[in-house]
Amino acid sequence: MSTSNNQYVEVDGEENDSDSALGSDTQSITTSIESTIKNHRWEHGRRYHNYEDGAYPFPNDELEQDRLDLMSHMMSLILGGKLHLTPIKNPTRILDIGTGTADEYPSADVLGNDITPIQPRWVPPNVKFEIDNVENDWPNRRNYSFIHCRCMPCTISNWPRLVEQCYEHTETNGWAEFQDYDLVPYSEDGTLKPDNYITKMYDLLIQATKAGKMEPSPGPGLEKWLRNAGFKNVHHEVFKVPLGSWPKDPKLKKIGIINKAQFEDGLDGFLLRPYTKMLGWTNEEVQVFLAGVRKAVSDKDVHTLFDL
């Protein structure tokens with residue numbers, strides 16, 4: 001079954017210049033972890049992972065980890081406080097691709113997979129982490145009752161193969177859930193123009209990501225990849241994610257405020273490696289461009305949306 005949210009997002013006509021509604025929300029092992037993996041690389045003042053250097057184009061420093069915490073909070077709001085939409089009640093073995101926490105299912109064995117070694121030291125006793133590239137061939141293990149994969153744009157080169165491996169390692173009557181973006185921004189009222197810095201930023205990021213042979217926008221392809229891999233009972237749902245505090249709806253407004261906060265916090269990390277390594281820009285050129293993006297994202301007359 002495929003469903004989408006086609007309701008028009010209404011603009012708040014009484015919007016002011018304050019984002020104070022966010023409040024405290026913004027303040028708020030396959031390979032053994034040896035020194036070669038724990039070590040990091042530094043570029044342009046940002047820290048990057050060392051294991052299979054280049055497989056993940058974004059930083060892993062504290063600034064990026066704080067941004068990912070905001071993303072996690074935003075995703076919870078989008079999903080109505082849920083971690084996932086899959087109607088599974090008592091999973092016994094869970095694989096979380098990209099890693100998260102496991103307090104939702106304390107009786108399940110949870111394996112968190114990530115390519116960068118930034119996992120917390122203190123975790124629930126039912127959780128284990130591994131450092132590995134999920135695109136490599138998976139080891140022969142007992143299958144999972146639930147596989148969860150979220151927000152992996154610009155990081156996977158072969159999505160059909162990844163989904164196939166998920167299918168091959170899901171137990172009979174098990175579930176898999178993928179939550180991901182279409183990175184092409186748009187507006188329903190025509191306020192986001194082709195020459196807007198936000199539009200240009202994502203056009204260039206998509207160009208750079210494709211030059212690096214990664215998929216920038218996995219969201220639109222997920223349903224097809226799941227069906228082709230053999231999954232049954234596939235449900236596809238699309239959520240509109242605003243950028244900024246312009247929506248009238250209180251829930252969408254809060255989502256938009258948090259999205260704007262994580263967007264602004266992540267701008268350096270989003271663009272530095274892709275633009276310098278794939279497009280040949282200098283760090284100075286990136287910073288000048290980012291000034292235009294920051295100005296554009298503060299324009300409350302532009303009503304930018306993304307599909308998730």
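Any read-out appearing in this document is the output of simple, stated calculations on the displayed coordinates, not a laboratory observation. Computed from a predicted model, the values in this text were never measured in an experiment. Positions of Cβ are backbone-derived with ideal geometry, glycine not excepted, and every protein chain shown enters the neighbour counts.
Per 5 Å bin from zero, what fraction in whole % of the C-alpha pairs of the stretch 209-306 is there, up to the bin with the longest pair?
Reading the bins upward from 0: 2, 11, 15, 15, 16, 16, 13, 8, 3, 1.
Skipping prolines and chain starts, which residues have an amide H placed within reach, meaning under 5 Å, of the one on Phe239, given they are 5 or more residues away or on another chain?
Placed amide hydrogens put Leu308 under 5 Å from Phe239.
What is the set of long-range amide H partners of Arg47 at a cut-off below 5 Å, with H atoms built 1.01 Å from backbone N?
Asn60, Asp61
Multiply the residue gap between Ala211 and His44 by 0.36 nm, knock off their C-alpha separation, and tell me the result in nm, one decimal place. Don't skip to the end; give the middle numbers.
Numbers: separation 167, 0.36 × 167 = 60.12 nm, distance 2.08 nm.
Gain in length upon complete extension: 58.0 nm.
Per-residue counts of other Cβ atoms within 10 Å, averaged by peptide: what ranking do you get for 238-245, 283-290, highest first?
With the highest mean Cβ count within 10 Å placed first, the list reads 238-245, 283-290.
Amide H neighbours of Glu177 under 5 Å, at least 5 residues apart or on other chains, H built in the peptide plane: list them.
Result for Glu177 returns Ile147, His148, Cys149.
Given R₀ = 51 Å, FRET efficiency for Asp195-Asn133 by Cβ-Cβ distance, to 0.05?
Given R0 = 51 Å and the Cβ-Cβ separation, E is 0.85.
Highest mean first, how do 267-273, 88-94, 164-170, 139-145 rank when packing is the count of other Cβ atoms within 10 Å averaged over residues?
Top of the packing list down: 267-273, 164-170, 88-94, 139-145.
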